[in-house]
Structure formats: structure tokens, C-alpha cells
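Comments concern the structure below.
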Amino acid sequence: MSLVATLWTSRKVLCAAAAVGVISLASQAVSQSIAFKQALAEGVADNKVVSAFYQERGYAPLWTGPSAEDRKRRRAFLAAAEDATLHGLPSGRYDALRLRSKMRAARSDAELGALEAELTALFIRYAKDVQTGLLRPSRVDDEIVRKVPYRDPRSTLEAFAVSSPSGFIASLHPQSREYARLMKAKMTLKELSEEGGWGPTVTARSVKPGFEGRDVVALRNRLIAMGYMDRSTTQTYDGEIESAVARFQEAHGLYADGVAGPGTLGEINKSVEDRIAQILVAMERERWINKPLGERHVWVNLTDFSAQIRDRGVVTFQTRSVIGAADRDRRSPEFSDEMEFMVINPSWYVPRSIATKEYLPMLQQNPYAVNHLEITGPNGQLVNRAAVDFNAFTAETFPFGMREPPNQGNALGLVKFMFPNRYNIYLHDTPAKSLFGREVRAFSHGCIRLNDPFDFAYALLAVQSANPKATFHNYLNTNEETRVDLRQHVPVHIIYRTAFTSADGKAHFRRDVYGRDAKIWRALQAEGVTLPVVRG
């Protein structure tokens, strides 16, 4: 007879089955209790937190007892483990089928104690995975320097023990609307994959208005399957197809000219499988940031080249951005911090890496090069260029600082927005306005340049000034460097999402400009995350 199958409602049956003539039922029950506790204690010994949890409750079971609550906890966890793939998690990591088999086979208190320990270990693993992610971000890419809000396992167990099991488990994953919409988009694409995907790809390098033939038909059919145009029998790249291509381009962050060039076709030819992988990565990233973001916060999506202000989940301001170039030492990192102040008419204090790698070689050729910059000593005093032999220094021994005073052509423009951090990253204006017209806007040394910095400043000041525009320009018109504190700090989240949704539930995709999502996807696959079989 299986203990779990009978839900431990008749311990006398087990006692009778296991007892020998010289052992009383009472002593047998005591020995079983000791055996359970010993097996459980041994099973959790390697985890001090879990061990302390069970010690405090006198090694009373959380899962394997005979109570209705124990049964509810078992059922809720096993159901969650079986449905782990809904969250893009590997079901084999929690192995519900094996657990059920072990439950049916358990016939002694020692086996129950070991099973109790195993269930708890797997539950803690599942809770961590679904709540804050399978992966450690910085181990995947050292430029993902985000502090993941990991929960204390003991607090998780204590809360679970006194909560509705199914309700508690349902509350573990991110409760954001974005996560829910990503899950829905994943399910929609999975169903589409089972129906054959989006059909044959477009084999031509480019297809333009006026073209006819097989490639136009393939383009038309994929646009129809993706929902960007209504059914049509046209074999000519007509105005209908051109408009559909433009809609696709706009939804994918491409220059919306209605021409299916190499870049656009590269995105149109992405398979359903590719897009599901992007969504699974986005869900993992959403778990990494599973915490209150702030009623008002700044949201910078590097892959979208955009910066937003969000108030209570609603985008109230948005502007284009320029991000760090894709070079190894210029890419923008991912992290969260708090914006504390803005500087109007800022000086640009040249980062040492730029001063030594870019400007020192120029100064060695000509001491009057980059003459818009001041060269300063240790105390900020101006240095006479004519009195310095720059060839005497290397990048390691260069002893000077460099500063560009406030001016219209300053590298930071006329305002910068500060959230002091160890990476020296901030948002700022720029005189290089033409870059905002590019499709891919990865040109900076890591900081985030804004297309509409004045409007961004007005929006930030609106909560502390009756006339934010006048307040801003009063400082600006002094032509003097001025710090303006934000009375309430604003959380800033620099994120990297190649898949995200809009409020209407539509999924949007972007290119992996730094190759980070490809790394994350490989790491998820190594952990056992898989995709549905896609036929087209």
C-alpha cells in the first residue's frame, strides 16, 4: 500500500505492515517519527536556511503530512511544476512525473522524510526561477549589472506555510501587465507554429514597389500571416503591400519607407521560433526586474533607442535616444538607479578612458589639438599646454584631467540628468542632432543622449514647479552651470528588450544590437528551455 496514495490517513496500516512481534504499535510510531525527522534533517543539512526553517517547526512536514493543507500544497506545487513551460521554464528541472512516482512508491517514514526534503528543495528552486529568473545576469554578460531582487528562501517557506497554496504560487511570477502580455504573445505564437508558421521566406535580397513574381508573393503571404495586411491575390508590389511593409517596419523599429530592403527582409524572414525565443528571453528579463518600479519612473530601452517617463504604468513622455556604440568598451550597461538632479549648462568632464585613448594621441601630435577642451591639474587648475610635453606620458601615466566648459557645442549639450552610479552613465542633451534620424542609433561612449532633452526636463520639473518651462529657461539663460535637485527622486531603469508589448497587447520586436539576448537564449537552452517544433 502507498502512503501517499492513501494520503497518510491510516498510519496503523503501515505500522501493521512493518511491525514485528516484539515491537509495540506505540514504539513503532515513535521510531517512524524519529526516522522521518532524521531523514528530513539529513536531506536539508546542506542548506542552513531550510534546516533552520524545519528546526523551528520541530521537523513537522510541509508536504508529506496527512492534513488537507499538506494535500493542497502538494497538489498546487505539482500542478505548477507541470505547467512550468507556460513561464518559459524547463519542466524537467522540477520533474513532476518523477515526484509523483516517488510519492506512490514511498512506504516508510525515512522515505517520506527524504521526499519532504526533496519537495522543499524543488519548491525553493521553482519559486526562485519563476520569481527572479533561471539565470544570474552578470554571469551571462558582465555588462548586465542589474541587481536582481532575490527573495529570502526562509521567508518564502514561512509565507507559503500559512497561505493559500495555489494563490501563493500564482503570486510568485511577475504580476506586471507586461509579463502577462508576453505570456499571451508566446501562447499565440506557439499556436501559430503548430499551424505551420508564417510560410516560405522571401529569398530575394530586396523587393521594391513595382516588382512582380515569386518573391512578391512570398512577401505578401508572410505579411498576411503576420497580420499586417488583409488577404490579397496580388503578385505585384503595389500600394497595399507597400503600406503593409511600412506598418511592419514601424512595429519593428525600422525606417518606415515601405521598401523591403535587406534589413527589413531580415526581420520579415525571422521565423516564429525566433520570435518565441525573443519572448522567452524577455520573460526572463522581466523576472530579473520583478520589483516595484516606482509610480513615476524613467524607462530606457536600449534596443528601441528610446527613453520614456511612465506614470502609474502609462507612458506620459517619450523621446528618441542614442545609446553606446557596439564596441566592447562603449556599450551601455543595464542597471537601475535613481535620478537625483539635473545640471543645466553642464561642463563635460572627459572620462579618463576617452582622454587617454582618444585625446592623448592627438595631443602628442599637436599640443593645441582639441582646443575646445581645458586641460586641468589635480586641483582643477588650468594647465598651460605649451609647457607640457605630452609625449612624455602614456595612457597609464597621463596626470591631467580634461574639461569642456558650458557652451552651445558642449558634448553634453545644455542639460544632463544625473543618477550617480559607478558606471558614469547618465542621460543628456547633445549637439549631434542628426544622429536621431538614423535607424540604428548606437554611437555614444555609453551615456544616453536624448532627442528632446528640454521637454524631458519640463516633464521632470512639472511635479515641483507651477511653470516648469519658465523655471528651466531661467536657469538656462544665465549661461552658468547650475544644479537643480529633483525634490522626489525618480527611479531610472536602463533595460534591453528585443521583445516587448504595447498597452493594446501587440508584440513588438527589435534587433539584438549588442548580441546580449543571443547569449541569454543560449544560457536558457543550456538550462533546458526548449522551443516548440516550427514547420515554417
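It is to be established whether one or more residues within the range 3-13 are modelled with pLDDT of 50 or more and outside any loop (DSSP other than H, G, I, E, B).
Within the range 3-13 (the criterion being modelled with pLDDT of 50 or more and outside any loop (DSSP other than H, G, I, E, B)), the answer is no, since none of the residues qualifies.
May I ask you to list the residues in the range 165-214 that are open to solvent by 30 Å² or more (accessible area, probe 1.4 Å), free of Cβ contacts under 8 Å to residues at least 24 places away in the same chain and not in a helix (DSSP H, G or I)?
Once the filter is applied, which keeps residues that are open to solvent by 30 Å² or more (accessible area, probe 1.4 Å), free of Cβ contacts under 8 Å to residues at least 24 places away in the same chain and not in a helix (DSSP H, G or I), the range 165-214 yields Ser171, Gln175, Glu195, Thr203.
Criterion first (open to solvent by 10 Å² or more (accessible area, probe 1.4 Å) and more than 33 Å from the chain's Cα centre (by Cα)) does Ser51 satisfy it?
no
Look through Asp46, Asp70 and report the one residue that is open to solvent by less than 20 Å² (accessible area, probe 1.4 Å), among the charged types (D, E, K, R) and either more than 27 Å from Ile276 (Cβ to Cβ) or touching a residue at least 12 places away in the same chain (Cβ under 8 Å) (or both).
Exactly one of Asp46, Asp70 is open to solvent by less than 20 Å² (accessible area, probe 1.4 Å), among the charged types (D, E, K, R) and either more than 27 Å from Ile276 (Cβ to Cβ) or touching a residue at least 12 places away in the same chain (Cβ under 8 Å) (or both), namely Asp70.
Yes or no: the range 226-240 includes at least one residue that is part of a helix (DSSP H, G or I), at pLDDT 95 or above and open to solvent by 50 Å² or more (accessible area, probe 1.4 Å).
yes
Being at pLDDT 95 or above, open to solvent by 60 Å² or more (accessible area, probe 1.4 Å) and within 20 Å of Thr430 (Cβ to Cβ) narrows it down to one residue among Gln318, Gln308; which is it?
Gln318
Taking the range 73-90 on its own, how many of its residues are part of a helix (DSSP H, G or I) and open to solvent by less than 50 Å² (accessible area, probe 1.4 Å)?
Qualifying residue count, the range 73-90: 10.
On the given criteria, is Ser434 in a helix (DSSP H, G or I), small (Gly, Ala, Ser) and either more than 29 Å from Arg177 (Cβ to Cβ) or modelled with pLDDT under 95 (or both)?
yes
What's the total number of residues in the range 263-317 that are of a type in the set (D, E, K, R) and assigned to a strand (DSSP E or B)?
Selection size over the range 263-317: 3.
Please verify whether the range 245-254 includes one or more residues that are more than 24 Å from Ser321 (Cβ to Cβ), of a type in the set (A, V, I, L, M, F, W, C) and either in contact (Cβ under 8 Å) with a residue 12 or more places away in the chain or open to solvent by 30 Å² or more (accessible area, probe 1.4 Å) (or both).
Yes, there is a match, as at least one residue in the range 245-254 is more than 24 Å from Ser321 (Cβ to Cβ), of a type in the set (A, V, I, L, M, F, W, C) and either in contact (Cβ under 8 Å) with a residue 12 or more places away in the chain or open to solvent by 30 Å² or more (accessible area, probe 1.4 Å) (or both).
Taking the condition open to solvent by 50 Å² or more (accessible area, probe 1.4 Å) and β-branched (Val, Ile, Thr), does Val484 pass?
no
Please state which one of Ala518, Ala442, Ala457, Ala523 is buried (at least 17 other Cβ atoms within 10 Å of the Cβ) and within 18 Å of the chain's Cα centre (by Cα).
Ala523
Suppose we filter Ser101, Ser138 for residues that are closer than 30 Å to Ala326 by Cα, open to solvent by 10 Å² or more (accessible area, probe 1.4 Å) and part of a helix (DSSP H, G or I); which single one remains?
Just one listed residue meets the conditions, Ser138.
Residue-by-condition table, conditions (1) surrounded by fewer than 16 Cβ atoms within 10 Å (Cβ to Cβ); (2) among the aromatic types (Phe, Trp, Tyr); (3) without any contact (Cβ under 8 Å) to a residue 12 or more places away in the chain:
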residue: Phe472; (1), (2), (3): no, yes, no
residue: Asn479; (1), (2), (3): yes, no, no
residue: Val490; (1), (2), (3): no, no, no
residue: Ile494; (1), (2), (3): no, no, no
residue: Thr501; (1), (2), (3): no, no, no
residue: Asp512; (1), (2), (3): no, no, no
residue: Thr530; (1), (2), (3): yes, no, no
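Restricting to the range 58-69, name every residue that is in a loop (DSSP other than H, G, I, E, B) and either touching a Ser or Thr at 6+ places or on another chain (Cβ under 7 Å) or closer than 26 Å to Ala105 by Cβ (or both).
Selection gives Tyr59, Ala60, Pro61, Leu62, Trp63, Thr64, Gly65, Pro66, Ser67.
Out of the residues in the range 353-397 that are under 24 Å from His445 (Cα atoms) and charged (D, E, K, R), state the one that is most open to solvent (accessible area, probe 1.4 Å).
Looking at the filtered set, the residue picked out is Glu396.
The values are calculated or read from the model by the stated rules, or taken from the named source; none is laboratory data. Everything numeric in this text was worked out from a predicted model, so none of it was measured. Heads up, the Cβs are rebuilt from the backbone with ideal geometry, glycines too, and the neighbour counts pull from every protein chain shown. Side chains are part of the model used for accessible areas, which takes the heavy atoms of the whole protein and leaves out ligands, DNA and RNA. Shrake-Rupley method; radii C 1.70, N 1.55, O 1.52, S 1.80 Å.
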